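The values are calculated or read from the model by the stated rules, or taken from the named source; none is laboratory data. For clarity, every value in this text was computed on a predicted model and none was experimentally measured. No Cβ is skipped: glycine too gets one built from the backbone with ideal geometry, and neighbour counts run over all protein chains shown. Protein only, heavy atoms only, side chains kept; ligands, DNA and RNA dropped before computing areas. Shrake-Rupley method; radii C 1.70, N 1.55, O 1.52, S 1.80 Å.
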Amino acid sequence: MFDFSSPELHRLGLTPFFLQQLHASSTDGVVGRVACERRGQYEVLSARGLLRASLSGRLEHSLPDDDWPTVGDWVVVEPAEPVGRIHQVLERQSVLRRAGVDGTSRAQNLAANVDLCCVVCALSDGDQHARRRALNPRRVERYLLTAENSRIPALVLINKSDVVSVEEAERAEAELVDALPQARVLRLSAHTGQGLTELLAELAPGSSAVLLGSSGVGKSTLVNALLGHDQQRTSAERADDARGRHTTTERQLLELQNGALLIDTPGMRELALWADADSDLVGGAFDDIEQLARDCHFRDCKHEGEPGCAVLAAVETGALAGSRLEHARKLERELLHQKGRVDVRLRLAKLREHKIRTRASRSQMKGKGGD
């Protein structure tokens, strides 16, 4: 039986959504939350402390790759020394995914069961190229779209505000807000503590947030500032081009002093968008364009020169940046391509399953005939 009353589990974010699944479960074991995944083994936080476990053979064969445990998942573990077994992975409330970096049509899970996606970018005191790279609205837009498609609220964090003048920091923030009108933005400095109080106010006790961003934006330094001690290794960005060095090499669930949970992730050089059959493509990440499109003369307007296009009219008057419209088109094409690849993979998987069942049925019929 499960011990649902444990304060440790509620501190880790055990909500009624997961409790209901556990009440209906027939699996025995220890309930815990995945804190880290390392070479096929998982570190699981539980009322008994930290457990090490791997996926049971049954789940290895029955779970699709996309549903294998990831950091933030709730699981049921059969403890053992030195490594226990995970016998159940609870249904997720949310999951952040990107297209796999191996070039396949499969997804890579970034974090599960999070309430807030913190997209970290940074200011730079380098040359113009370095500054544009460190604070790139188009890159930030990719992270925001990933959060939007996962139905997770997002907050953009502009880190390293201490490396430039106050005037330049304010100007950079205003430019980002102008480029991303739908985004919530908070400027902060992990070194000076600016903005940390406001950020902690977004992280309620028992809630879970994830930090996403490119290498070198100061995620590890920010995590250390929120923890109140140095736990994550840090390293400086390369001075010549503001490209970061990979300091964090694995995703990790951490407990903050205020009772919130934070998932730190390695810096990503690129974020390939993920889409499946249920994805809404660019959706709410471009609400400003969607709002304008409602006034287009044609309901199926593609905003590519049709008469009466309200979106193109807004571009002409300067009410909508042409670069934002172009980027929305680019992301939509990328999502459509990815969605098509996933659909093909699913169709092939169903076809293989159908062939296996057909062969098994024929073998069974032949066996009966021989009797």
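Quick look at the numbers
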| read-out | value |
| --- | --- |
| Members of the range 84-101 found to be surrounded by fewer than 21 Cβ atoms within 10 Å (Cβ to Cβ), β-branched (Val, Ile, Thr) and modelled with pLDDT of 95 or more, listed by number | Val89 |
| Residue count for the range 44-65, restricted to those that are assigned to a strand (DSSP E or B) and either in contact (Cβ under 8 Å) with a residue 60 or more places away in the chain or not small (Gly, Ala, Ser) (or both) | 6 |
| Evaluation of Phe17 against (1) surrounded by fewer than 17 Cβ atoms within 10 Å (Cβ to Cβ); (2) free of Cβ contacts under 8 Å to residues at least 12 places away in the same chain (one fails), failing number | (2) |
| Tally, over the range 25-46, of residues that are loosely packed, with under 15 Cβ neighbours inside 10 Å and among the charged types (D, E, K, R) | 3 |
| Criterion: open to solvent by less than 30 Å² (accessible area, probe 1.4 Å) and under 19 Å from Pro82 (Cβ atoms) - qualifying residue of Leu59, Leu9, Leu55, Leu50 | Leu55 |
| Options Ala225, Ala209, Ala147, Ala154; residue that is of a type outside the set (Asp, Glu) and either out of contact with any Cys (no Cβ under 6 Å at 6 or more places or on another chain) or surrounded by fewer than 17 Cβ atoms within 10 Å (Cβ to Cβ) (or both) | Ala225 |
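This table checks each residue for (1) open to solvent by less than 60 Å² (accessible area, probe 1.4 Å); (2) at pLDDT 80 or above; (3) among the acidic types (Asp, Glu); (4) assigned to a helix (DSSP H, G or I).
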{"position": "Leu262", "(1), (2), (3), (4)": "yes, yes, no, no"}
{"position": "Ser323", "(1), (2), (3), (4)": "no, yes, no, yes"}
{"position": "Arg347", "(1), (2), (3), (4)": "no, no, no, yes"}
{"position": "Lys366", "(1), (2), (3), (4)": "no, no, no, yes"}
